[in-house]
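Take a look at the structure below.
The values are calculated or read from the model by the stated rules, or taken from the named source; none is laboratory data. Predicted model only: the values in this text are computed from it and were never measured. Quick reminder, even Gly has a Cβ in these numbers, built from the backbone with ideal geometry, and neighbours come from all protein chains shown.
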């Protein structure tokens, strides 16, 4: 059906396995069609679309980990991080976006865990896109009701006397867990500390790693 | 607690299966629909709020909510709301989808 093959720039594309080997599903087709129509109508430009995809691709848990490592070595920064994550991130030249994010600190007495029961709100500017399980029915349903059992399914067991606080994210307020600094890390510098901070520890389903 | 009035997406506190810690690397088209939604909602455009997005997902109905993948729901909601707002028409979308499908199939068989 070459007559429908709209190559309007007169050259042959090299094969792009990552793009073209995806199955041609209905919603993939819908997304491509939508993107083309919005560009043609001038609602968005192709450059803006590419830049937006690059921007989200660049976001990883490394951003959040930098904030946590700084908080572990600097108590006043930690206080500012708890009060206003977005402003504290700006101090380290990290753009946390416009939606307010609150820091919640894990201590010997309190463990925080974050969920979005209604959908998938998540501090994606600081830890990337949410994993599938965060958006799953099981996690969204049960975390607010039986957080200790859910934590157990992630291999995280807390002493009975530790209070578990569950935070339900919304479109208007998100949360970043400040995990407890692991024991045996006194001699580590900020970069080494950041390596111990995992995505899951900033969601609150696990602890930060202990040094190898 | 009574479940009267609870809608399908409002699942906090209900019983469910154990959490399986699954994840996958997002496909190119999934990242693209994510980027489209963010652009439509940005300061420059303000055409599509996150609340409209979620309303569009919830209106897909319980069956679709359970059977479609996460970004499939995003694509469906974004498209439906843009049609509702008159930014695209259902006819031009249908025509363009046919063209895109032909093109992708041709490229895949090259």
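Structure summary
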quantity	calculated
All helices (runs of 4 or more DSSP H) inside the stretch A:110-212 with 1 or more residues being in the same structural domain as residue A:97 (by TED's automatic domain parsing), in contact with a helix residue (DSSP H, G or I) (Cβ under 6 Å, 6 or more places away or on another chain) and more than 22 Å from residue A:69 (Cα to Cα)	A:137-142, A:147-153
Tally of residues being more than 8 Å from chain A (Cβ to nearest Cβ), closer than 21 Å to residue B:40 by Cβ and in a helix (DSSP H, G or I) across the stretch B:65-90	8
Matching option when the condition is part of a helix (DSSP H, G or I), more than 7 Å from chain A (Cβ to nearest Cβ) and either without any contact (Cβ under 8 Å) to a residue 24 or more places away in the chain or farther than 19 Å from residue A:56 by Cβ (or both), among B:96, B:55, B:7	B:55
Selection from the stretch B:41-52 of residues that are loosely packed, with under 14 Cβ neighbours inside 10 Å, out of contact with any helix residue (DSSP H, G or I) (no Cβ under 7 Å at 6 or more places or on another chain), at the interface with chain A (Cβ under 10 Å from one of its Cβ atoms) and not in a helix (DSSP H, G or I)	B:43, B:44
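Yes or no, residue by residue, for (1) surrounded by 15 or more Cβ atoms within 10 Å (Cβ to Cβ); (2) more than 15 Å from the chain's Cα centre (by Cα); (3) under 23 Å from residue A:75 (Cβ atoms):
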| position | (1), (2), (3) |
| --- | --- |
| A:150 | yes, yes, no |
| A:158 | yes, yes, no |
| A:175 | yes, no, yes |
| A:178 | yes, no, yes |
| A:182 | yes, yes, yes |
| A:187 | no, yes, yes |
| A:195 | yes, yes, yes |
| A:203 | yes, no, no |
| A:206 | yes, no, no |
